[in-house]
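These notes are about the structure you will find just below.
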There are 2 protein chains.
Amino acid sequence: MTRSLANAELVIASHNQGKVREIGELLAPYGVEVVSAGFLGLPEPEETGATFVANAELKARAAAMAAGLPALADDSGLAVEALNGDPGIYSARWGGPGKDFDLAMRKVAEALGDHPNRRARFVCALAVAWPDGEIATFEGTVAGDIVWPPRGGQGFGYDPIFQPLGHTITFAEMAGDAKHQLSHRADAFRKLVAACFP
Amino acid sequence: MTRSLANAELVIASHNQGKVREIGELLAPYGVEVVSAGFLGLPEPEETGATFVANAELKARAAAMAAGLPALADDSGLAVEALNGDPGIYSARWGGPGKDFDLAMRKVAEALGDHPNRRARFVCALAVAWPDGEIATFEGTVAGDIVWPPRGGQGFGYDPIFQPLGHTITFAEMAGDAKHQLSHRADAFRKLVAACFP
């Protein structure tokens, strides 16, 4: 059985302050107190995994071992059907060393050209690791279509070219609350909450 | 918390008799009785997911709903680093409609050419779905190198061109027991057993 995280102290294995704050808010109702890997001065391991789940696992495991506390990591990205799932786990790396998502979005649009299949999925993998080696993982997805040109100024990453199924606006045109209801990260967190906060 | 599967009746969401038998043997010590989706006449859903986990989830969910029993599905494949993770979730499809793995292995070798990075990972995702919608997933991996020409007559799929790290023989040259100790499927089942048979 997955161990409960209720009222635990939890390391968020991320050096992104915005992500740490967002996760802290999501888990506050369960009495979880979060601390970031950056705050603890933990190193960032190389993401050598073959999948979103494997990368989330290696980040969570490294943080849990180093901190001696349970740790949560996420790994996420965009998988385009007609590109055989690219950019996938390389989603951030398509932006180059400067993590330039305007460049990354243009690369997706160019690779896709006028291919009739525009279908894509955002994927979010979450891993919770305990210092004794126990680990639990959760994956969430949301399906949509790639649009061009990019639309909207909210969100981040590939949000401006991703229009979720059943909607006529992109993730970057949605209010945060609307996106948070249907995002891949929300889907993964629902699964995590069901397993870790019984 | 993940619900226990101890002494449960479990549908294996596969039409591959060999796979159903192997899983049945793995789970027999836990009092689990398995029945195949093929035996129950359940349809095979289209594998439209963007990841191994997503495909395992959709197969497990479809079987659990149709049978009204908990169901287990697996989705697995080979991810080659220098090919950006290809063939990945398309590993079986690279063999064409006849599922010809001699063809699929040749495609991998041709795509890889003389690239100096031969690193690859087998990935296995397992999903257990309950008829009420609860779902738990587990992913296992094993790292190795792509060799050419293929070697060995045991195993199946890409086994003859996959040499696990720290070994000098391919998966297809290993006795079943040796492979079963270190395979991606064994890794995923260890995680499943830890969560579902407390």
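The values are calculated or read from the model by the stated rules, or taken from the named source; none is laboratory data. From a predicted model like this one, the values you see are computed outputs, not experimental measurements. Using ideal geometry, Cβ is built from the backbone for each residue, glycine included, and neighbour counts are taken over all protein chains shown. Ligands, DNA and RNA are excluded from the accessible area calculation, which covers all protein heavy atoms including side chains. Shrake-Rupley method; radii C 1.70, N 1.55, O 1.52, S 1.80 Å.
Scanning the range A:108-121 for residues that are open to solvent by 10 Å² or more (accessible area, probe 1.4 Å) and either assigned to a strand (DSSP E or B) or at positive phi (or both) gives A:Gly113, A:Arg119, A:Arg121.
For A:Val35, the test of being part of a strand (DSSP E or B), farther than 19 Å from A:Ala136 by Cβ and more than 14 Å from chain B (Cβ to nearest Cβ) is passed. Scanning the range A:91-100 for residues being open to solvent by 30 Å² or more (accessible area, probe 1.4 Å) and not in a loop (DSSP other than H, G, I, E, B) gives a total of 2.
Contact map, the range B:97-124: residues that are within 22 Å of B:Phe52 (Cβ to Cβ) paired with residues that are surrounded by fewer than 19 Cβ atoms within 10 Å (Cβ to Cβ) and polar (S, T, N, Q), Cβ distance under 9 Å, separation 6+ or inter-chain. Pairs shown: B:Arg119/A:Thr48. Here B:Pro45 clears all of (1) assigned to a loop (DSSP other than H, G, I, E, B); (2) more than 18 Å from B:Ala125 (Cα to Cα); (3) out of contact with any strand residue (DSSP E or B) (no Cβ under 8 Å at 6 or more places or on another chain); (4) more than 14 Å from chain A (Cβ to nearest Cβ) except the condition numbered (2).
Pairing residues of the range B:60-84 that are open to solvent by 30 Å² or more (accessible area, probe 1.4 Å) with residues that are of a type in the set (Gly, Ala, Ser) and not in a loop (DSSP other than H, G, I, E, B), at Cβ distances under 6 Å and at least 6 apart in sequence or on separate chains, gives B:Arg61/B:Ala129.
Scanning the range A:144-183 for residues that are open to solvent by less than 50 Å² (accessible area, probe 1.4 Å) and β-branched (Val, Ile, Thr) returns A:Ile146, A:Val147, A:Ile161, A:Thr170. Looking across the range B:22-45, the residues that are over 20 Å from B:Leu58 (Cβ atoms) and surrounded by fewer than 13 Cβ atoms within 10 Å (Cβ to Cβ) come down to B:Glu25, B:Ala28, B:Pro29, B:Gly31, B:Glu33. I'd like the residue in the range A:127-143 that is more than 11 Å from chain B (Cβ to nearest Cβ) and either surrounded by 24 or more Cβ atoms within 10 Å (Cβ to Cβ) or of a type in the set (Asp, Glu) (or both) and, out of all such residues, is nearest to A:Phe189 (Cα to Cα). Among those residues, the one meeting the criterion is A:Val128. Which residue out of A:Asn117, A:Asn84, A:Asn16 is at pLDDT below 95, more than 22 Å from A:Pro198 (Cβ to Cβ) and within 14 Å of another protein chain (Cβ to nearest Cβ)? Sole residue among the options that is at pLDDT below 95, more than 22 Å from A:Pro198 (Cβ to Cβ) and within 14 Å of another protein chain (Cβ to nearest Cβ): A:Asn84.
A quick yes/no check of all residues on (1) assigned to a helix (DSSP H, G or I); (2) among the basic types (Lys, Arg); (3) touching a helix residue (DSSP H, G or I) at 6+ places or on another chain (Cβ under 8 Å):
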{"site": "B:Leu5", "(1), (2), (3)": "no, no, yes"}
{"site": "B:Val53", "(1), (2), (3)": "yes, no, yes"}
{"site": "B:Lys59", "(1), (2), (3)": "yes, yes, no"}
{"site": "B:Ala63", "(1), (2), (3)": "yes, no, no"}
{"site": "B:Ala73", "(1), (2), (3)": "no, no, yes"}
{"site": "B:Ile89", "(1), (2), (3)": "yes, no, yes"}
{"site": "B:Asp102", "(1), (2), (3)": "yes, no, no"}
{"site": "B:Arg106", "(1), (2), (3)": "yes, yes, no"}
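Residues in the range A:48-72 that are away from chain B (no Cβ under 14 Å) and among the small types (Gly, Ala, Ser): A:Ala62, A:Ala63, A:Ala64, A:Ala66, A:Ala67, A:Gly68, A:Ala71.
Return the residue satisfying two criteria in turn: it lies in the range A:150-167 and is in a loop (DSSP other than H, G, I, E, B) and without any contact (Cβ under 8 Å) to a residue 24 or more places away in the chain, and of such residues it is farthest from the other protein chains (Cβ to nearest Cβ). That would be A:Gly153.
Filtering the range A:1-13 to residues that are loosely packed, with under 13 Cβ neighbours inside 10 Å and more than 14 Å from chain B (Cβ to nearest Cβ) leaves A:Asn7, A:Glu9. All conditions but one from (1) more than 23 Å from A:Ala6 (Cα to Cα); (2) out of contact with any Leu (no Cβ under 6 Å at 6 or more places or on another chain); (3) within 11 Å of chain B (Cβ to nearest Cβ); (4) not basic (Lys, Arg) apply to A:Gly98; the one that does not is (3). From the list B:Asp187, B:Asp177, the lone residue that is out of contact with any Phe, Trp or Tyr (no Cβ under 8 Å at 6 or more places or on another chain), at pLDDT below 95, within 11 Å of chain A (Cβ to nearest Cβ) and closer than 27 Å to B:Ala13 by Cα is B:Asp187.
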